[in-house]
Amino acid sequence: MTTVEPPGWHARHHDDAFEALSSSATDGLTESVAAERLLEHGPNRIEGKAGRGPLLRFALQFHQPLIYILIVSGSIAAFLGEWADAGVIFGVVMVNALIGFIQEGRAENALAALARSVASDVTVLRDGQRRRIDAVALVPGDVVWLAAGDKVPADLRLFDARALQVTEASLTGESVAVGKHADILPVDSGLAERANMAFAGTLAVAGQAGGVVVATGRGTETGRIADLLDATETLATPLTQAMERFSNFLLIVILGLAALGFAVGSLRGEPLLDMLMAAVALAVGAIPEGLPAAITVTLAIGVARMARRRAIIRRLPAVETLGSTTVICSDKTGTLTENQMTVRALVAGGQRYAVSGDGYAPDGVVTLTAGPPNWPAAVARTAGRRAVQ
């Protein structure tokens, strides 16, 4: 547990925050109370969930239908004494696995970098005295003082802001620094609109401020991003789906042809052992052992090019997915969106109307919120008969 209830700190007066957290703007916490809360809430760091070990990550590189076929064909080639063919096939398999393993190892550092973005020294008020401590030791209720150039160490409810400007691009996508104050805000204020809050991992670029810690570690907004990363599901990309379909089809065709050849030769009276060897040789020869290597090398080149542009690709097939993307929707700050902006309010004829609905769905209700109840023609046409109240 790393956050103190109740939430909605931006909608509460900072005096209420101090009262709820049993803290003080003039004295902060005592060292003994801070030590107790550190045991209760844990250190102020973002610890990723236990990842897959190196051996498991390496083993999973072979978990592909076409790789299965190559392993079987290489084993059969070795059984038949075709050592050169077996060596080439297994070499292709190992190169493919090593490239994928190395790339995934590099990408595992992404979450670690996110955790490091919160770590820093911080000026805190303990026992009425300002001191510099490691941000890892912060707990809810600590009073933190920020100055230009400081990295915000935890989520803070500001109580004293003097021309404070904070860059929140990593959290909200806003490309310019935003001004901060200590006033109360509406409960429904969005994350980017909470000007009385300073969030972990953001950077103060001007001014000074004092704030009380309301969330640490995984309880911060940056910690929620880490939770989302941990909860990300592994989805099949268009390339992996196509490869799986092709591999399954190829496997059926090859096994069918080998079985047909064995059956025809046996019916003609050929020795069974000779026909078995012929069927195996047919299966080995029909497998395109160079295909995985060609695909892996091509994707690796794409990953290297993306890395030069500071884009981390965790899995090789994701490069192909990016290449298949035709439209990327973003707002003016570059934040990715779903391109489903919805009208929420109308002003027509001196009257105000609230509009419900979501995205592209043609459902919604237009409700009069201010003004005499006579519908202007434009609103009536826009709303439609079934949507008007």
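For segment 149-164, how many residues are surrounded by fewer than 17 Cβ atoms within 10 Å (Cβ to Cβ) and modelled with pLDDT of 90 or more?
Here is the first cut: in segment 149-164, the ones surrounded by fewer than 17 Cβ atoms within 10 Å (Cβ to Cβ) are 149, 160, 162-163.
Those left that are additionally modelled with pLDDT of 90 or more: 160, 162-163.
So the count comes out to 3.
Can you name every residue in segment 151-201 that is among the acidic types (Asp, Glu), farther than 14 Å from VAL213 by Cβ and touching a residue at least 40 places away in the same chain (Cβ under 8 Å)? Lay out the reasoning, then the answer.
To start, the set of residues in segment 151-201 that are among the acidic types (Asp, Glu) comprises 155, 160, 168, 174, 183, 188, 193.
Restricting the remaining residues to those that are farther than 14 Å from VAL213 by Cβ gives 160, 168, 174, 183, 188, 193.
Listed by number, the residues that qualify are ASP160, GLU174.
For the condition in contact with a helix residue (DSSP H, G or I) (Cβ under 8 Å, 6 or more places away or on another chain), among the β-branched types (Val, Ile, Thr), farther than 22 Å from PHE79 by Cβ and surrounded by fewer than 15 Cβ atoms within 10 Å (Cβ to Cβ), what is the one hit in VAL176, VAL264, VAL212, VAL187? Explain how you work it out, then say what you get.
On the way: VAL176 fails: in contact with a helix residue (DSSP H, G or I) (Cβ under 8 Å, 6 or more places away or on another chain); VAL264 fails: in contact with a helix residue (DSSP H, G or I) (Cβ under 8 Å, 6 or more places away or on another chain); VAL212 fails: surrounded by fewer than 15 Cβ atoms within 10 Å (Cβ to Cβ).
The match here is VAL187.
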Checklist entry - In segment 160-174, is there at least one residue being in a loop (DSSP other than H, G, I, E, B), out of contact with any Asp or Glu (no Cβ under 8 Å at 6 or more places or on another chain) and in the same structural domain as VAL122 (by TED's automatic domain parsing)? => result no
Next on the checklist: Just the residues that are out of contact with any helix residue (DSSP H, G or I) (no Cβ under 8 Å at 6 or more places or on another chain) and farther than 13 Å from HIS14 by Cα, please, taken from segment 154-169.
Outcome noted: ARG162, ALA163, LEU164, GLN165, VAL166, THR167, ALA169
Checklist entry - Any residue at all in segment 231-252 that is in a loop (DSSP other than H, G, I, E, B), at pLDDT 90 or above and small (Gly, Ala, Ser)? => result no
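Does SER32 count as modelled with pLDDT of 75 or more, in a helix (DSSP H, G or I) and either assigned by TED's automatic domain parsing to the domain that holds VAL214 or on the phi < 0 side of the Ramachandran plot (or both)? Please lay out each step first, then the result.
Values: modelled with pLDDT of 75 or more: yes; in a helix (DSSP H, G or I): yes; either assigned by TED's automatic domain parsing to the domain that holds VAL214 or on the phi < 0 side of the Ramachandran plot (or both): yes.
Yes, satisfied.
Residue by residue, here is whether (1) within 28 Å of GLU244 (Cα to Cα); (2) at pLDDT below 75; (3) loosely packed, with under 15 Cβ neighbours inside 10 Å holds:
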{"site": "VAL4", "(1), (2), (3)": "no, yes, no"}
{"site": "SER22", "(1), (2), (3)": "no, no, yes"}
{"site": "GLY28", "(1), (2), (3)": "no, no, no"}
{"site": "GLY53", "(1), (2), (3)": "yes, yes, yes"}
{"site": "GLU82", "(1), (2), (3)": "yes, yes, no"}
{"site": "ASP85", "(1), (2), (3)": "yes, yes, no"}
{"site": "VAL88", "(1), (2), (3)": "yes, no, no"}
{"site": "GLY91", "(1), (2), (3)": "yes, no, yes"}
Checklist entry - Quick check: is even one residue across segment 177-185 modelled with pLDDT under 85 and not in a helix (DSSP H, G or I)? => result no
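For segment 141-184, what are the residues that are among the charged types (D, E, K, R) and over 26 Å from ALA20 (Cβ atoms)? Step through it out loud before you land on a result.
Going through segment 141-184, the residues among the charged types (D, E, K, R) turn out to be 142, 150-151, 155, 157, 160, 162, 168, 174, 180, 183.
GLU174, the sole residue that qualifies.
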Checklist entry - Restricting the search to segment 176-207, which residues are over 29 Å from ASP27 (Cβ atoms) and in contact with a Gly (Cβ under 7 Å, 6 or more places away or on another chain)? => result VAL187
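The values are calculated or read from the model by the stated rules, or taken from the named source; none is laboratory data. As the structure is a computational prediction, the values presented were derived from the model and not from experiment. So basically every Cβ, Gly included, is an ideal-geometry build from the backbone, and we count neighbours across all protein chains shown.
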